[in-house]
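Notes follow once the structure below has been shown.
The values are calculated or read from the model by the stated rules, or taken from the named source; none is laboratory data. All of these numbers come straight from a predicted model, not from anything done at the bench. Note that each Cβ is placed from the backbone with ideal geometry, even for glycine, and that neighbours are counted across all protein chains shown. Please note that ligands, DNA and RNA were not included when accessible areas were found on the heavy atoms of the full protein model with its side chains. Shrake-Rupley method; radii C 1.70, N 1.55, O 1.52, S 1.80 Å.
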Amino acid sequence: MSADPIDGVEEGPAWWDHEAGPVVRPYMVTGGRVRPVTVDFDLITYLVATATLAADTPSPEHQAILALTQEPRAVAEVASRVDLPLGVVRVLLCDLLSDGLIARYDPPPTDHLPNVETLQAVIHGLRAL
Amino acid sequence: MDSVRSDTAPVPQALKILVAGGFGAGKTTLVGAVSEIAPLRTEEVLTTAGVGTDDTTGVATKTTTTVAMDFGRITINPSLVLYLFGTPGQNRFWFLWDELATGALGAVVLADTRRLADSFAAIDYFEQRNTPFVIAVNCFDNDQRYTAEQVREALDVDGHVPVLLTDARDRMSVKNVLITLVEHVLTMVRSSVPA
């Protein structure tokens with residue numbers, strides 16, 4: 001430490017708000033759990049809350065996810081909007097799933113490309129943009 | 001509780017397209033040009049044990065890295081939504097690419113002619129995974145020094161892989177890249193249908 005505490009304020013840039021970094025380390029909100037217990041969630045798995053906001057939801061973060069998923073939303077979008085790392089969000093989603101508060105809708109099986117009709121619909125939709 | 005949800009919109013089918021390319025190639029710009037929302041950012045926090053350390057004290061060296069992925073969304077119709085994911089630029093995050101590429105419709109490799117070698121890794125990756133891809137050469141500030149054919153030769157890609165010039169800032173240009181990719185996928189799907 002070069003600053004002398006008696007001299008008072010240390011020179012240098014101050015960090016405020018986001019620049020100061022997270023106040024709580026990311027995995028604090030999961031109670032230290034780092035991976036979903038049972039299932040994984042693809043980035044484009046859709047989530048829909050099966051209930052309106054539950055008063056006894058475990059944490060504000062769980063509440064935030066339930067609030068967001070009153071409309072169908074993809075996992076990546078939920079993570080981005082609650083501003084938590086994907087890994088953290090996946091653990092929280094697992095909680096909500098096991099509590100029956102949320103439903104998941106997975107994308108089609110990964111080893112198949114979409115069918116001709118779907119691809120034609122995508123091309124048509126892109127042309128119309 | 002079933003009745004609670006009965007009035008809500010149906011859940012659409014989601015598809016994803018990856019946008020790969022070297023650092024600074026314009027991935028997020030491209031996503032933003034066609035996305036209906038301002039590109040969102042999702043992050044993954046990685047904790048990795050230090051590599052190459054000969055630590056005998058039992059105290060492992062750990063580093064925490066945040067890897068960001070930017071993405072956008074295009075609603076094709078009420079039952080079909082397309083997500084565009086920019087892949088992390090650094091090659092050392094390959095395992096995140098695996099997650100992204102799983103189930104992807106296809107990929108756009110965004111190439112910068114000033115640094116063509118930056119796109120080699122992405123091309124190799126998609127070739128080996130059999131993920132359909134197109135190469136979009138980002139022409140910065142109308143700096144169109146090479147033709148698509150010259151770039152194809154330089155990158156040594158198969159003749160069936162579309163190579164096209166684009167401007168990642170231009171909506172119509174990017175739209176054309178995506179249409180070319182999906183048409184390429186359509187061709188592959190049709191040719192793989194058993195006789």
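Per residue of B:150-156, other chain Cβ atoms within 10 Å of the residue Cβ number 0 on average. The packing ranking of peptides A:41-48, B:80-87, B:152-159, highest mean first, is B:80-87, A:41-48, B:152-159, where packing means the average number of other beta carbon atoms within 10 angstrom of each residue.
Between B:GLU99 and A:LEU129, the modelled labels are 2.5 nm apart [label points 7 Å from Cα along Cα→Cβ]. Summed over both chains, the contact between A and B buries some 3800 Å² of accessible surface at a probe radius of 1.4 Å. Positive contributions from Lys and Arg (+1) and negative ones from Asp and Glu (-1), summed over other residues with Cβ under 9 Å from the Cβ of B:MET69, come out at -2. Shielding value for B:12-19 is 5, the average number of Cβ atoms from other chains within 10 Å of each residue's Cβ. For peptide A:78-90, the mean count of partner chain Cβ atoms within 10 Å of a residue's Cβ comes to 4. Under the simplified labelling scheme, the B:ALA38-A:GLU117 pair shows an inter-label distance of 3.9 nm, with each label point 7 Å from Cα along Cα→Cβ. In units of the compact-protein estimate 2.2 N^0.38 Å, segment B:13-192 shows a Cα radius of gyration of 1.11.
Taking all protein chains together and a 1.4 Å probe, the residues A:TRP16, B:TRP94 rank A:TRP16, B:TRP94 from largest to smallest accessible area.
Close amide H pairs (under 5 Å, H built 1.01 Å from N) link B:LEU110 with B:ALA20, B:GLY21, B:ALA136, residues at least 5 positions away or on another chain.
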